[in-house]
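Pasting in a structure now, in C-alpha cells, and then I'll have a few things to ask.
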Amino acid sequence: MSQHFLYVTNDKIVSLLLGRGSSAVRSEFPVADIESPKLTEHLSRHSSVPTTVITDLIEEDFRTDTVPHLRGGDQDAVLERKLSQLYRISPYRHALVQGREAEGRRDDRVFFHAVTNADFLKPLISQLEKLQVPLLAVSSSAVLSSRLLKELDTPSKHSLLVTIVPDFGLRQTYFNDGQIKFSRLTPIIYDEAKSVGDLIAAETSRTWQYLDSLHTFGEQDSLEVCMLVHARDRGMMSDAIRRFPMLRYRFVEIGELAKKLRMASEPTSSHAEQLLCHLYAQSRVENHFGSREETRFATYRRIRLALISLTAAIVAIGAGGTGFNMYQATRISNEIEARTRQERQLQNDYQAVVNSMRLQKMGTDTVRDTSAFFNSQIRPHPASPTPLALDLGRVLNDFPDVQVVQLAWMVSNNPDATPSLPPASGASSPQAISSERRATPSASAPPTPAATPVDPANPPLPGNRYQSVVLDAMIRPFDGNTRKALLQIDALVAKLSALPNTKVRLIRVPVDVGLGVTLKVQELPPTINQQAGFAIALTKDVGGV
C-alpha cells in the first residue's frame, strides 16, 4: 500500500510518495507557497493516499519534567493541564511518559514537546482538510528518530544523533538509555574561512558543553556522536572533527543504512529525510500533534476499509458455504442414484428368486414342518396354563368334597394327546370297592384310526393348538357311598364339559360299573381311611394361542 509523507522544514516541504518495493517519488515545494496551485494540484492528485506530516522545525521545543504518578483519565488530565501551561498558544503539543523516578514519591518522568509557531502547520493542514486527505498523523521527526538509534545498535548510554536537514541546518538529538531527552536544530551559516566539517564539529562541541553544564554525564561517561552522512562527505567531515576526551564520533554512511533498510534507491546526499521516512513507513507512526478533527478522514477511511473487508469476508464465507452445499447436494444426489440402482438390482434379484420358486415343488414334510412352525412359533405367542387353570379352579370351587391330588398339563397339536401322571406320593390304595374289567366282545375298545407313518429321521414339529390337563383327584371325606361319589364325579364332568371348546373324559373312576364288570363286596377294617379316587382328562382347543 502506498504512503505519502510530507517532511516539513523551515524552508521546504518535501513530498515523498512511498510505494511497493520501497520506491519513492520525491517532490519539493517552498514553505512560502503552501497555497500555490502547484502544491494544491500535487496534494489533490494524491488525496486518496494515507498521508503523514513529519515536522523538523527550529520552532520545536523539547523539555523534560515530572508529574505525580497517576493512571488513566487522571493522568491524561494532568498532562493536558501541564501542556496548556507550557504551550498556551500552540495546539500542536504532546507529552510522552518515560518511566518513574527511582527515589522519593516516584513521580512520572515526562518528555514534553510542541511546535511553538503553529503558522508553519496550520495552512498545510487546512489544505489537507479541504481536499479530505486521510491524515494519519502529525509527528515530530526528532522524537521518531529513536527508531533510527535502534537500527544503529549503539551500546553507549549517552548518544547524540546528528542528521542534516535539507538546505537548512543540523538536527542534534540527545538520547539517554534510548529515550529522547533533548533536541536542537541549528542553521549552518556558511563561512568561506571554515569548511562544513568545521561548522558541524563546532556545533556538536557546543551541544556537549550544554549537556555537561546540566551535569548529565558522570566521571566515566562519554558521549557517542552518531553522524549520518553520505560516503562522499565523510572524508571532509572526519578531517575537521575535533577530538575531545569526552566525545566519540561514529560516522554512519547513508548508503549502508539504506541497504539495511532495503531501500530501492540510495539517497544522493547527506540529507536524511528520505531515509527517515522509509524507516517510519515500516511501522505505525505515533500521532503527536494531530487532533481528532484533523485526522477524521483517516478514521473514515479505516472504517470504510473495515466495512469492505467485512463485506468481502461475508461474501467469501457465503461463497464457501454455497460451494459446500452444492458439493453436499451433488454427493447426496450421487448416493441416491447409487441406492436407486442397488434397490433396482435387489428387486430384480428378488423377482428372479420368486419366479424360480414358483417352478419348484415343495415336499410334504417341508410343507408340514413349515406350517407347524408358522402356527406354533411365528403366529401365536407361547401357550400358558393360566387361563385353563383359572377355568378349572372356578368349577372346582363348586365341589368342596373334591380334593386335587396332582395335575399334569401339556400343549400339542393332537387333540387326543394327554399328559401322563407321575405316581402320586402318599396316595392311598383304592377304596373298598374294586373293579375288574373283563374283555368281552361288546366291551372291546373302539378301533384306533390309522396314523400317518412318521419318519424318525424327520419328526414333525410340535405345536400348541390344544391344551390338555389330567386331573388326579378324590372325593374326601368318603363314607363308602359309591353312588353318591359317582354322582358328584358326573356332575363335575358335566360342569367341565360346559366350558367353551373343551372336551372332557373320565380316565379313572372309583368303581367301574360298565358292562362285563363283576362287582365284589369286601369288608375292610374300620381303621382304613376310605377315599374315592378318580382322574379326568380335559382337552381345550385354543386355536394355536
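Let's see how each residue does on (1) under 30 Å from LEU261 (Cβ atoms); (2) within 27 Å of the chain's Cα centre (by Cα); (3) in a helix (DSSP H, G or I); (4) in contact (Cβ under 8 Å) with a residue 40 or more places away in the chain:
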residue	(1), (2), (3), (4)
GLU286	yes, no, no, yes
ARG292	no, no, no, no
TYR300	no, no, yes, yes
LEU305	yes, no, yes, no
ALA313	no, yes, yes, no
GLY318	no, yes, yes, no
GLY323	no, yes, yes, no
ALA329	no, yes, yes, no
ILE332	no, yes, yes, no
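Which condition number in (1) at pLDDT 85 or above; (2) β-branched (Val, Ile, Thr); (3) out of contact with any Pro (no Cβ under 8 Å at 6 or more places or on another chain) is the one that ILE241 fails?
Condition (1) is where ILE241 drops out.
So, one more: Looking at the range 477-492 only, could you name the residues that are crowded, with 16+ Cβ neighbours inside 10 Å and not polar (S, T, N, Q)?
PHE478, ALA485, LEU486, ILE489, LEU492
Would you mind finding the one in LYS503, LYS484 that is assigned by TED's automatic domain parsing to the domain that holds VAL405 and within 18 Å of TRP409 (Cα to Cα)?
On the way: LYS484 fails: within 18 Å of TRP409 (Cα to Cα).
Result of the check over LYS503, LYS484: LYS503.
Residues of the range 198-233 being under 12 Å from LEU247 (Cα atoms) and touching a helix residue (DSSP H, G or I) at 6+ places or on another chain (Cβ under 9 Å), which ones?
Listed by number, the residues that qualify are ALA201, PHE217, LEU223, VAL225, CYS226.
Now a separate question. Looking only at the range 7-39, how many residues end up being within 52 Å of the chain's Cα centre (by Cα) and in a loop (DSSP other than H, G, I, E, B)?
Counting residues in the range 7-39 that are within 52 Å of the chain's Cα centre (by Cα) and in a loop (DSSP other than H, G, I, E, B) gives 2.
Being in the same structural domain as ALA272 (by TED's automatic domain parsing), assigned to a strand (DSSP E or B) and in contact with a helix residue (DSSP H, G or I) (Cβ under 6 Å, 6 or more places away or on another chain): is that true of THR173 here? Walk me through how you get there before you give the answer.
Details: in the same structural domain as ALA272 (by TED's automatic domain parsing): yes; assigned to a strand (DSSP E or B): yes; in contact with a helix residue (DSSP H, G or I) (Cβ under 6 Å, 6 or more places away or on another chain): yes.
Taking the combined requirement at face value, the residue satisfies it.
In the range 253-311, what count of residues is obtained for those that are over 26 Å from VAL196 (Cβ atoms) and of a type in the set (Asp, Glu)?
Of the residues in the range 253-311, 3 are over 26 Å from VAL196 (Cβ atoms) and of a type in the set (Asp, Glu).
Out of GLY235, GLY290, I need the residue that is surrounded by 10 or more Cβ atoms within 10 Å (Cβ to Cβ), out of contact with any Cys (no Cβ under 6 Å at 6 or more places or on another chain) and closer than 30 Å to ALA95 by Cα. Which one?
Sole residue among the options that is surrounded by 10 or more Cβ atoms within 10 Å (Cβ to Cβ), out of contact with any Cys (no Cβ under 6 Å at 6 or more places or on another chain) and closer than 30 Å to ALA95 by Cα: GLY290.
Still on this structure, I have one more. State the number of residues belonging to the range 110-161 that are over 26 Å from SER2 (Cβ atoms), charged (D, E, K, R) and in contact with a helix residue (DSSP H, G or I) (Cβ under 9 Å, 6 or more places away or on another chain).
The qualifying residues number 0.
Scan HIS42, HIS4, HIS69, HIS94 and give me the residue that is closer than 30 Å to SER265 by Cβ, touching a residue at least 12 places away in the same chain (Cβ under 8 Å) and within 46 Å of the chain's Cα centre (by Cα). If you could, list the steps in order and put the result at the bottom.
Details: HIS42 fails: within 46 Å of the chain's Cα centre (by Cα); HIS69 fails: closer than 30 Å to SER265 by Cβ; HIS94 fails: closer than 30 Å to SER265 by Cβ.
When all the criteria are applied, what remains is HIS4.
In the range 372-401, how many are of a type in the set (Ser, Thr, Tyr), surrounded by 14 or more Cβ atoms within 10 Å (Cβ to Cβ) and modelled with pLDDT of 70 or more?
The qualifying residues number 1.
State which residue pairs qualify: first residue without any contact (Cβ under 8 Å) to a residue 60 or more places away in the chain and inside the range 135-149, second residue not in a helix (DSSP H, G or I) in any location, beta carbons under 7 Å apart, and separation of 6 or more residues or different chains.
Partner pairs satisfying both residue conditions: SER146/PHE175; SER146/GLY178; SER146/ILE180.
If you check ARG93 against the conditions, is it touching a helix residue (DSSP H, G or I) at 6+ places or on another chain (Cβ under 6 Å), in the same structural domain as PHE251 (by TED's automatic domain parsing), surrounded by 14 or more Cβ atoms within 10 Å (Cβ to Cβ) and of a type outside the set (Gly, Ala, Ser)?
Spelling it out, it is not the case that ARG93 is touching a helix residue (DSSP H, G or I) at 6+ places or on another chain (Cβ under 6 Å), in the same structural domain as PHE251 (by TED's automatic domain parsing), surrounded by 14 or more Cβ atoms within 10 Å (Cβ to Cβ) and of a type outside the set (Gly, Ala, Ser).
Right, next: Got at least one residue in the range 267-278 being assigned to a helix (DSSP H, G or I) and within 43 Å of the chain's Cα centre (by Cα)?
Scanning the range 267-278 turns up at least one residue that is assigned to a helix (DSSP H, G or I) and within 43 Å of the chain's Cα centre (by Cα).
How many residues does the range 256-285 hold that are farther than 23 Å from SER2 by Cα and either modelled with pLDDT of 90 or more or crowded, with 16+ Cβ neighbours inside 10 Å (or both)?
Selection size over the range 256-285: 1.
Working carefully through the options ARG465, ARG437, find the one that is in contact with a Ser or Thr (Cβ under 8 Å, 6 or more places away or on another chain) and at pLDDT below 85. Full working, then the answer.
Details: ARG437 fails: in contact with a Ser or Thr (Cβ under 8 Å, 6 or more places away or on another chain).
Residue meeting the stated conditions: ARG465.
Further question on the same structure: For the range 195-218, give me each residue that is outside any helix (DSSP H, G or I) and at pLDDT below 80. Working first, answer last.
Step one: of the range 195-218, the residues outside any helix (DSSP H, G or I) are 195, 214-218.
Within the range 195-218, just SER195 meets the criteria.
Now, a different point. Out of all the residues in the range 108-127, is one or more surrounded by fewer than 17 Cβ atoms within 10 Å (Cβ to Cβ), modelled with pLDDT under 95, aliphatic (A, V, I, L, M) and out of contact with any strand residue (DSSP E or B) (no Cβ under 6 Å at 6 or more places or on another chain)?
no
May I ask you to list the residues in the range 480-499 that are free of Cβ contacts under 8 Å to residues at least 12 places away in the same chain and outside any helix (DSSP H, G or I)? Spell out how you get there, then give the answer.
Our first condition is that a residue be free of Cβ contacts under 8 Å to residues at least 12 places away in the same chain; within the range 480-499, this holds for 481, 483-484, 487, 490, 494, 497-498.
Correct list: ASN481, ALA498.
Now, a different point. Among the listed residues ILE58, ILE89, ILE54, ILE125, which satisfies the condition of being more than 51 Å from the chain's Cα centre (by Cα) and touching a residue at least 40 places away in the same chain (Cβ under 8 Å)?
ILE58
The values are calculated or read from the model by the stated rules, or taken from the named source; none is laboratory data. Note that the structure is predicted; figures quoted are calculated from it, not measured. Neighbour counts are summed over all protein chains in view; Cβ atoms, including those assigned to glycine, are modelled from backbone coordinates with ideal geometry.
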